[in-house]
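Chemist: Structure in structure tokens, see below.
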Amino acid sequence: GRGRELHRTAMTPNTARSVIPGEALTSALVAAYDLPQPIDCELHVVGDNDSYYVHAGPERFALRVYYPNRYLLSGSDEYRFELSWLSFCHDRGLPVSYPIPRRDGELLSEMKALEGPRPWALFSYVEGTPVFPLQIEQYRRYGEFVARFHIESLEFSSPYARFAYGEAAYKGEE
């Protein structure tokens with residue numbers, strides 16, 4: 001089933017993985033967006049995806065460079081599905097970081113890398129400070145948010161396909 005295929009392709013041994021320099025992404029941002037100048041793109045964290053801080057004049061953004069063919073996101077339609085869903089959530093008033101459209105309206109871009117094309121997207125920046133441990137009131141508010149998030153998402157539809165686990169996968173039958 002798809003679950004075994006995902007496990008097999010999630011980490012391909014002996015595959016080189018590049019980290020794209022912030023300067024290359026800055027050039028791509030200048031070419032694709034009408035952002036205030038100057039623009040600076042700084043690597044924040046390398047993980048399942050690579051995250052960057054973007055400073056554009058007085059504004060801040062976050063940039064994600066996807067590591068393709070990992071876990072459930074394996075193609076441009078699946079990335080676009082996620083991006084359109086985050087836009088939907090933002091339009092519904094949910095407090096999420098949302099994708100910023102390029103000058104041409106697209107949400108997803110692509111950058112050449114050593115291992116092949118790497119999809120990337122620019123997001124709104126969410127100010128805040130992590131607070132741990134959470135207090136009871138924070139857990140209550142979090143639960144309310146997650147409930148609203150799920151209820152609002154029932155109305156979401158997308159022209160992009162995304163893999164969805166069926167009941168059999170949850171029961172371990174796939």
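The values are calculated or read from the model by the stated rules, or taken from the named source; none is laboratory data. Keep in mind the model is a prediction, meaning the values are calculated, not measured. Virtual Cβ from ideal backbone geometry, glycine too; neighbours counted across all protein chains shown. Note: areas computed on protein heavy atoms with side chains; ligands, DNA, RNA excluded. Shrake-Rupley method; radii C 1.70, N 1.55, O 1.52, S 1.80 Å.
Chemist: For R148, what accessible surface area do you get with a 1.4 Å probe? Give it in Å², rounded to 10.
Modeler: The value for R148 is about 100 Å².
Chemist: Additional query: Say R0 is 25 Å: what FRET efficiency, to the nearest 0.05, do L114 and V30 get from their beta-carbon distance?
Modeler: Details: r = 23 Å, r/R0 = 0.90.
Calculated transfer efficiency: 0.65.
Chemist: So what is the accessible area of the stretch 15-96 per residue, in Å², with the probe set to 1.4 Å?
Modeler: Working: 3940 Å² over 82 residues.
With the other protein chains kept in place, the stretch 15-96 gives 48 Å² per residue.
Chemist: Let me ask another. Rounded to the nearest 10 Å², what accessible area does C41 show when all protein chains are kept and the probe is 1.4 Å?
Modeler: Only protein atoms counted, so the area is about 10 Å².
Chemist: Give me the net charge for the shell around A147: Cβ to Cβ below 12 angstrom, other residues only, Lys and Arg +1, Asp and Glu -1.
Modeler: Here the charged neighbours net out to +1.
Chemist: Give me the percent of accessible area attributable to carbon and sulfur for the stretch 17-115, probe 1.4 angstrom.
Modeler: Working: 2680 of 5070 Å².
Accessible surface attributable to carbon and sulfur in the stretch 17-115 totals 53 percent.
Chemist: Moving on to the next point. Can you give the FRET efficiency to the nearest 0.05 for E59 and R92, using r as the Cβ-Cβ distance and R₀ = 25 Å?
Modeler: Step by step, r from the Cβ atoms, then E = 0.60.
Chemist: Below 12 angstrom from the Cβ of R102, what's the summed charge of the other residues (Lys, Arg +1; Asp, Glu -1)?
Modeler: On the way: positive: R103; negative: D34, D104, E106, E110.
For residues surrounding R102, the net value is -3.
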